[in-house]
Amino acid sequence: MQNHVVIMAGGIGSRFWPMSTPEYPKQFIDVMGCGKSLIQLTVERFLPLCSIQNFWVVTSEKYTNIIKEQLPELPESHILAEPEARNTAPCIAYACWKIKKEYPQANIVVTPSDALVINTTEFARCIDIALKKTAESSSIVTLGIKPNRPETGYGYIAAQGITDTNGICKVEAFKEKPNKETAIKYVAAGNYFWNAGIFVWNVNTITKAIRTYASQIAGVMDELEPALFTEMEQQELKRLFPTCEKISIDYAVMEKATDIYVLPAEFGWSDLGSWGSLHTLLPQDKNGNAAVGQNVKLFDCKNCVIHTADERKVVLEGLDGYIVAERNGQLLICRLSEEQRIKEFSQA
């Protein structure tokens, strides 16, 4: 059974403006200042599991050229361009129907393109355990991140107590992003894990689950199927894909399916959803400042996050708890405590 990796890379990263814009979103940016974009780091950490020839990227039509440029080894026919965004269930269905046509026994990992993983060796070990389980069963395995704080920005997975020899347990329920009080209860309970949005299954399991729980989407994919891998594919996709129900894989399948398991894991994961999360992950100076940029000088600043893409000198004085971000002639100076308003600011 062959392993395949599906990377979802269609998001616009609006909470990271001005670094991330709809024309060039965060998954294609060197957010960490390490010389590689988030999607390049994602590919790198999955390469121990299979060759780049078995990677598939589902994205928006407008990002296909960026992907070709950043992932030159990826087969061009494995860049799946959605004519419009319909959330994760249609996105995953399209990739899995396409893989099934060419590799009817494929074992698949689905992952976002814009998360960060610190311990990539432990990450590969966990994915390998999950793939072994889905290769020989009709289980769906998701990765649950052991929470180290009561985070309200993530969804949670509640696990039943009993684990197998590899530490995999049955999922009791998927939970929406909680309020602070509920998040504190989840962490105290000990059997709640952050939902990293990483799913592992074999292709027959997922296509059957979509047929069972999201029959409208399965119907659209069945109609598209004869055109896959032909010159008609893009034309048919343009016609059919926008008719798919707009729904996440969690709502469409995960919350309804029965044979779902979670592997609790710890490998330094973050979904890098906001400037605040980036601030905690970047190296900080003794005053709690984190900076990415060629020439950033700070005087009497503390608890700030600075991200300057263009190579210019940036000098800041006397700021406490601020985001300073600049890209392509757009500059944001905003208190970290007000970061939830960035979408609003970007449209000003």
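The values are calculated or read from the model by the stated rules, or taken from the named source; none is laboratory data. Computed from a prediction, not measured in an experiment: that's the story for all the values here. Cβ: placed from backbone, ideal geometry, glycine included. Neighbour counts: every protein chain shown. These accessible areas exclude ligands, DNA and RNA; they are computed on the full protein's heavy atoms, side chains included. Shrake-Rupley method; radii C 1.70, N 1.55, O 1.52, S 1.80 Å.
Things to note:
- Of the set (1) without any contact (Cβ under 8 Å) to a residue 12 or more places away in the chain; (2) over 27 Å from Ala209 (Cβ atoms); (3) among the acidic types (Asp, Glu), all apply to Glu151 but (1).
- Segment 24-42: number of residues that are open to solvent by 10 Å² or more (accessible area, probe 1.4 Å) and assigned to a loop (DSSP other than H, G, I, E, B): 6
- Selection within segment 147-165 - assigned to a loop (DSSP other than H, G, I, E, B) and within 25 Å of Asp259 (Cα to Cα): Pro147, Tyr154, Gly155, Asp164, Thr165
- Thr205 vs. criteria in a loop (DSSP other than H, G, I, E, B) and either exposed (fewer than 14 other Cβ atoms within 10 Å of the Cβ) or at negative phi (or both): no
- Residue tally, condition open to solvent by less than 80 Å² (accessible area, probe 1.4 Å) and either within 19 Å of Glu61 (Cα to Cα) or in contact with a Leu (Cβ under 7 Å, 6 or more places away or on another chain) (or both), over segment 215-231: 7
- Which numbered condition Thr142 fails, given (1) touching a residue at least 60 places away in the same chain (Cβ under 8 Å); (2) open to solvent by 40 Å² or more (accessible area, probe 1.4 Å): (2)
- Per this entry, Gly273 is counted among residues that are part of a loop (DSSP other than H, G, I, E, B) and either open to solvent by 40 Å² or more (accessible area, probe 1.4 Å) or in contact (Cβ under 8 Å) with a residue 40 or more places away in the chain (or both).
- Residue in segment 74-91 that is least open to solvent (accessible area, probe 1.4 Å), counting only those that are part of a helix (DSSP H, G or I) and free of Cβ contacts under 8 Å to residues at least 60 places away in the same chain: His78
- Extreme residue, farthest from Asn295 (Cα to Cα), among residues of segment 318-343 that are charged (D, E, K, R) and open to solvent by less than 100 Å² (accessible area, probe 1.4 Å): Arg341
- A search for C-beta distances below 6 Å between a residue of segment 9-32 that is under 18 Å from Val324 (Cα atoms) and any residue that is assigned to a loop (DSSP other than H, G, I, E, B) and hydroxyl-bearing (Ser, Thr, Tyr), counting only pairs 6+ apart in sequence or on different chains, returns Gly13/Ser20; Arg15/Ser274; Lys26/Ser20; Ile29/Ser37; Asp30/Ser37.
- When Val187 is tested against (1) under 30 Å from Cys304 (Cβ atoms); (2) touching a strand residue (DSSP E or B) at 6+ places or on another chain (Cβ under 9 Å); (3) among the aliphatic types (A, V, I, L, M), just one condition goes unmet, and that condition is (2).
- Residue in segment 166-185 that is buried (at least 17 other Cβ atoms within 10 Å of the Cβ), in a helix (DSSP H, G or I) and either modelled with pLDDT under 95 or within 23 Å of the chain's Cα centre (by Cα) (or both) present: yes
- Single residue of Val315, Val262 found to be modelled with pLDDT of 95 or more and open to solvent by 80 Å² or more (accessible area, probe 1.4 Å): Val315
- Looking only at residues in segment 1-23 that are outside any loop (DSSP other than H, G, I, E, B) and at pLDDT below 95, the one that is surrounded by the fewest Cβ atoms within 10 Å (Cβ to Cβ) is Ser14.
- As a summary of the residue check, Ile210 satisfies the conditions (1) more than 23 Å from Glu122 (Cβ to Cβ); (2) surrounded by fewer than 21 Cβ atoms within 10 Å (Cβ to Cβ); (3) under 23 Å from the mean Cα position of the chain (by Cα) except for the one numbered (2).
- The residue that is least open to solvent (accessible area, probe 1.4 Å), counting only those in segment 56-67 that are of a type outside the set (Ser, Thr, Tyr) and more than 24 Å from Ala106 (Cα to Cα), is Ile66.
- Restricting attention to segment 92-119, the residues that are within 17 Å of the chain's Cα centre (by Cα), at pLDDT 95 or above and open to solvent by 20 Å² or more (accessible area, probe 1.4 Å) add up to 1.
- Filtered residue count, segment 288-302, keeping only those that are outside any strand (DSSP E or B) and open to solvent by less than 70 Å² (accessible area, probe 1.4 Å): 4
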